[in-house]
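To keep things clear, I will list the structure first and then write my remarks on it.
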Amino acid sequence: MKKHKPTSPGSRGMTSILYRDVLTSPEPYKPLTKGRKRAHGRGGGRITVRHKGGGSKRLWRDVDFCYDKIGIAGRITSIEYDPNRTSFIALVRYADGEYRYHIVPEGMRVGNEMKTDKKQEPDLGARMPLSLIPVGISVYNIETYPGSGARLVRSAGNTAEVMAHDAGYALIKLPSGAIRKILGGCWASVGQVSNSEHGLITIGKAGRNRRKGIRPTVRGSAMNPVDHPYGGGEGRALRGTRRPKNKWGKGTRGVKTRKKKKYSNALVVQRRKKKK
């Protein structure tokens with residue numbers, strides 16, 4: 001982590017990641033990039049997600065989550081920054097000459113090999129079916145059903161653990177603490193997602209969040225009664241309601257949000273732990 005000199009109130013205590021120690025290329029591979037218009041939390045002209053808007057322009061990197069080049073070895077040519085995700089990405093050149101972007105695991109460097117194949121050792125960066133990965137190995141980029149592409153465990157520093165194999169399923173302990181059954185035919189990558197220091201970043205000043213496209217959040221108690229259940233009153237008023245709720249009156253603490261008839265309920269062996 002890089003600590004900034006306190007030359008201003010905003011930079012006092014601010015931290016960032018030393019990209020020069022990890023990244024090897026300042027510019028992306030142009031054939032795998034394109035422009036993309038962001039919705040900024042709007043849908044049909046209306047605000048559907050609050051506190052979004054503005055921010056710096058982002059060039060979209062076409063990251064491959066399908067990993068359909070089975071049996072063809074690839075070698076990392078550069079490790080790059082992606083403004084659209086928290087992890088780093090690697091530009092991989094395959095033996096047939098094709099280039100693709102992949103999420104790079106922690107510890108891999110330029111020149112290392114990444115391969116998608118059933119017949120290989122579960123080494124760092126290897127992608128293979130869960131049924132062939134031994135118990136205790138850390139994995140990421142996990143499919144939810146065969147051929148779906150990587151869906152689970154893709155953000156910076158995350159990793160899941162193979163707990164057991166049972167009746168064609170693999171028991172996976174997810175970063176949330178939940179244990180879930182996933183078909184053994186689903187593919188996963190061995191390792192931990194790169195940029196594990198992402199969670200240690202101290203923003204330091206509001207302007208840094210604005211450049212990320214995050215707008216300010218106003219407290220409900222600072223609003224009028226017409227705008228929020230906590231609004232109004234003379235001076236600093238108490239919440240005034242029995243249970244905590246959001247702007248639309250829905251509960252915010254201790255309320256179950258998972259659908260009772262969700263398709264994957266039968267696959268969840270152990271629920272994630274509640275935050276205190």
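The values are calculated or read from the model by the stated rules, or taken from the named source; none is laboratory data. A quick note: this is a predicted structure, and the numbers were derived from the prediction, not measured. Here the Cβ positions follow ideal geometry from the backbone for every residue, glycine too, while neighbour counts run over all protein chains shown.
Of the listed requirements (1) surrounded by fewer than 21 Cβ atoms within 10 Å (Cβ to Cβ); (2) assigned to a loop (DSSP other than H, G, I, E, B), N209 misses just one: (2). Just wondering, is there one or more residues in the stretch 214-228 that are in contact (Cβ under 8 Å) with a residue 24 or more places away in the chain and either under 30 Å from G125 (Cβ atoms) or loosely packed, with under 13 Cβ neighbours inside 10 Å (or both)? Within the stretch 214-228, one or more residues are in contact (Cβ under 8 Å) with a residue 24 or more places away in the chain and either under 30 Å from G125 (Cβ atoms) or loosely packed, with under 13 Cβ neighbours inside 10 Å (or both). Here E27 meets the list (1) farther than 25 Å from E161 by Cβ; (2) in a loop (DSSP other than H, G, I, E, B); (3) in contact with a strand residue (DSSP E or B) (Cβ under 6 Å, 6 or more places away or on another chain); (4) not hydroxyl-bearing (S, T, Y) almost entirely, failing just condition (3). Is it fair to say S148 is at pLDDT 95 or above and part of a loop (DSSP other than H, G, I, E, B)? Answer is no for this residue. Given the conditions (1) more than 30 Å from R219 (Cβ to Cβ); (2) within 18 Å of the chain's Cα centre (by Cα), report the number of the one that K34 does not fulfil. Unmet for K34, out of (1) more than 30 Å from R219 (Cβ to Cβ); (2) within 18 Å of the chain's Cα centre (by Cα): (2).
For the stretch 38-72, filtering for residues that are part of a strand (DSSP E or B) and surrounded by 18 or more Cβ atoms within 10 Å (Cβ to Cβ) leaves 2.
Of all positions in the stretch 45-52, none carries a residue that is in contact (Cβ under 8 Å) with a residue 40 or more places away in the chain, of a type outside the set (A, V, I, L, M) and under 24 Å from R127 (Cα atoms).
Residues in the stretch 168-194 that are under 23 Å from K273 (Cβ atoms) and β-branched (V, I, T): I172, I179, I182, V193. Residues in the stretch 224-258 that are in a strand (DSSP E or B) and small (G, A, S): G251 only.
Considering only residues of the stretch 173-199 that are aliphatic (A, V, I, L, M) and under 20 Å from I103 (Cα atoms), which is surrounded by the fewest Cβ atoms within 10 Å (Cβ to Cβ)?
Per the stated criteria, the residue is L174.
Within the stretch 153-167, identify whether any single residue is in contact (Cβ under 8 Å) with a residue 24 or more places away in the chain, in contact with a helix residue (DSSP H, G or I) (Cβ under 7 Å, 6 or more places away or on another chain), buried (at least 19 other Cβ atoms within 10 Å of the Cβ) and not in a strand (DSSP E or B), and answer yes or no. Yes, the stretch 153-167 contains a residue that is in contact (Cβ under 8 Å) with a residue 24 or more places away in the chain, in contact with a helix residue (DSSP H, G or I) (Cβ under 7 Å, 6 or more places away or on another chain), buried (at least 19 other Cβ atoms within 10 Å of the Cβ) and not in a strand (DSSP E or B). Entry remark, the stretch 73-109: residues being of a type in the set (A, V, I, L, M), surrounded by 14 or more Cβ atoms within 10 Å (Cβ to Cβ) and assigned to a loop (DSSP other than H, G, I, E, B) number 2 in total.
Confirm whether K261 is surrounded by fewer than 16 Cβ atoms within 10 Å (Cβ to Cβ) and either out of contact with any His (no Cβ under 8 Å at 6 or more places or on another chain) or in a loop (DSSP other than H, G, I, E, B) (or both). Spelling it out, K261 is indeed surrounded by fewer than 16 Cβ atoms within 10 Å (Cβ to Cβ) and either out of contact with any His (no Cβ under 8 Å at 6 or more places or on another chain) or in a loop (DSSP other than H, G, I, E, B) (or both).
When the criteria are applied in full, S176 fails the requirement of being at pLDDT 95 or above, under 23 Å from the mean Cα position of the chain (by Cα) and among the hydroxyl-bearing types (S, T, Y).
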